[in-house]
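Data block below; observations after.
The values are calculated or read from the model by the stated rules, or taken from the named source; none is laboratory data. Everything quoted here is computed from the prediction, not taken from an experiment. Cβ coordinates were reconstructed from backbone atoms using ideal geometry, including for glycine residues, and neighbour counts include every protein chain displayed. Surface areas here come from the heavy atoms of the whole protein model, side chains and all, with no ligands, DNA or RNA. Shrake-Rupley method; radii C 1.70, N 1.55, O 1.52, S 1.80 Å.
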Amino acid sequence: MVKMSRNLLRCLVMWLPVTVCLLCACNTEHADTMAEAPEDDDSPAEIYATDISRGEVTRAANMSLNSFGLSVLNVKTGMIISDKLQYEKTLTSFAPVSGSFRMVTAEMKAIAIAPSMTIVENITLTKDAAGFDYEVPTTDQTMVKISGNMSFTKRSTNNKLSLNFVNAISQFTVKARNELKLEVDNKEYEVDLYVKGITLHNFASKGHFEYTANYNGTWTPIDGYWANYTQEFPSAVKLSTTTFINVVDSAFVLLPQSPEKNAWAPGGLANPPAEDAVSVANANHKAYIELRCAMTIQRDNQTVYVFGGPNTFKPVYFPYIKKYCPKAWNAVNRQGIYNLKIVKAEALNSDGSPVKPEELQDENGQFENAVFIEVAPTDDYGNDNVDNWPDADVIDVKI
């Protein structure tokens, strides 16, 4: 009997560690399951959206974030689990218009586009890529905003997805300064220059956006898409000789690009070659800027028009020059200011030659031998060193 009890005790001692290990393994497995969001919790995901973009006065009517579309990918299966679900702003948050988005326990990937995903084309959302195509209209412009999360799980977010939105397309402002004088019979006259409208010619209008981070990415223009972007002032704007003045009434909303790489670049010669003409630039989709102007001088206390007329504003063409181009405006969430200097060598006729004054007339008759000349403008302190003035400004929003 004693021998039998000893054998039983020996068996119990041998099996006890195994039993403890099995119990621990069961408890560990249960603990891991409990650490994740419970699989039977099928409540809709909570979505939090914040606009961290820079809101400027632009031609776009929707600079505030009021709605967006959301698509979510199950990375493991490659299946879309939320397809362009639209969210609208409420008094306190954002709510889905119809349906809902429920997270899975596997890794997910999400992209969001405001004001909706219907305004873009060819949306891509796979394990390895996310992006879309967009064409910037010339009128009725929309500010496209983007956000996303390139890798998350139900556990890592606790069933809550936070989205930071930035401007996907750039804001572009043009300012100008008058650096022209008129010379007639060896006498110089100050030129007053008025701008009534502006057109950006042959700017890339459609591109492909590729996400590189949760709310950042790169644009690649799609060949074959160019557009002219135009603004007209209700009344003409008089330019200054010392200060850059806006010649747009609100910033252009444009596809981020580097048009100086494809710019009209005439030599500004008095007798230019045929390839310097604006018509050739249009045929080859070369970028340039057009201002519609009128110019006057004061002679014997009278206003004399030397270009255009009281209600006539004629085009003057300007090469798109890299040194005036805003630095890094061709990126997501940026605004750039192009500072345009109106000088004889760059204010051109349609043939690419320097612009000339029209036939001068007043009550004393016509004036001959009138020419525009360039001046070295002084700043507000009388300094004549233009090189010390700042280059084109860039509003750089860190993302």
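Once the C-beta distance of N282 and S43 is scaled by a Förster radius of 56 Å, the resulting FRET efficiency is 0.45 to the nearest 0.05.
Multiplying the residue separation of N271 and E188 by 0.36 nm and removing their Cα-Cα distance gives an extension gain of 27.4 nm. Summed over the residues of the stretch 206-319 and divided among them, the accessible surface reaches 45 Å² per residue at a probe radius of 1.4 Å.
The gain in end-to-end length when the I80 to E358 segment is fully stretched comes to 93.6 nm, 0.36 nm per residue minus the alpha carbon separation.
Note on E88 and T312: their simple-model spin labels are 5.3 nm apart, each label 7 Å out from Cα toward Cβ. Ignoring lysines fewer than eight residues from K187 along the same chain, the ones with Cα atoms less than 26 angstrom from its Cα are K238, K314, K341, K344, K356.
Looking at the stretch 51-183, the accessible area is 42 square angstrom per residue; that uses a 1.4 Å probe and ignores ligands, DNA and RNA.
Only Lys, Arg, Asp and Glu carry charge here, each on its Cβ (+1 for the first two, -1 for the last two); on that basis the stretch 222-363 has a dipole of about 640 debye about its Cα centre. Using the Cβ-Cβ distance between E260 and D223 with R0 set to 25 Å, the FRET efficiency works out to roughly 0.90.
Each label was represented as a point 7 Å from its Cα along the Cα-to-Cβ direction; for N62 and A95 these points are 2.0 nm apart.
Per-residue 3J(HN,Hα) values for the stretch 106-117, derived from phi via the Karplus relation 6.51 cos²θ - 1.76 cosθ + 1.60 with θ = phi - 60°, read 7, 5, 10, 9, 10, 10, 9, 9, 10, x, 6, 7 Hz in sequence order (x marks Gly and Pro).
Across F244, F101, the residue with the most accessible area heads the list, and the full order at a 1.4 Å probe is F244, F101.
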